[in-house]
Amino acid sequence: MQFICDAPGQKSWFRIETEGEAILESQIMSHAVEKHFRQAWDAATASYRPTASSLIEQNIGLKAHVQRTMPMFLTLRDAEGNGLATAMLPPGGHPDPSFKIIIVGPENKDPYPDHTEAIGKLGEHFGLNLDRNQCYPYSVTRPSWR
């Protein structure tokens, strides 16, 4: 996992970078982020077009391409490493009005009552509005991580 930023209350946001980390996040949080991570990874790798013609060099830019094009999956952890919330942001964390940001807590519960400040810090870090009504899928009719 890659450290992203600290949040109030001895909490930190980390980027989920591998399928193994996504599987662990699903287990810790009792939701299906691993499925969404895998789908995004597969779509990003399918869109990769190598610039090198040599078979050995073809995948040199794959990891950078995947990180640039797939949504960012993040986890909020406390000082003991406990999972508190999971977020899916637009690729690169750049604002994209067509992208549906999702932020959920354990078992897809609402993370905002306990972690509003930490979520706000993540939004501040990326310049995103992470309003509960737009990001928590059960506050309005939106697809969820089930």
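None of the figures in this text is laboratory data; all of them are computed from the coordinates on show. Quantities reported herein were computed from a predicted structural model and do not represent experimental measurements. A quick note on method: Cβ atoms are made from the backbone with ideal geometry, for glycine too, and the neighbour counts reach across all protein chains shown.
Couple of notes before you dig in:
- If the segment from Lys35 to Arg68 were pulled out straight at 0.36 nm per residue, it would be longer than the present Cα-Cα gap by 10.0 nm.
- Virtual spin-label span in nm between Lys100 and Thr45, 7 Å along Cα→Cβ: 2.5 nm
- Set of lysines near Lys109 by C-alpha distance (under 27 Å), chain-local residues within fewer than 8 positions excluded: Lys11, Lys35, Lys100, Lys121
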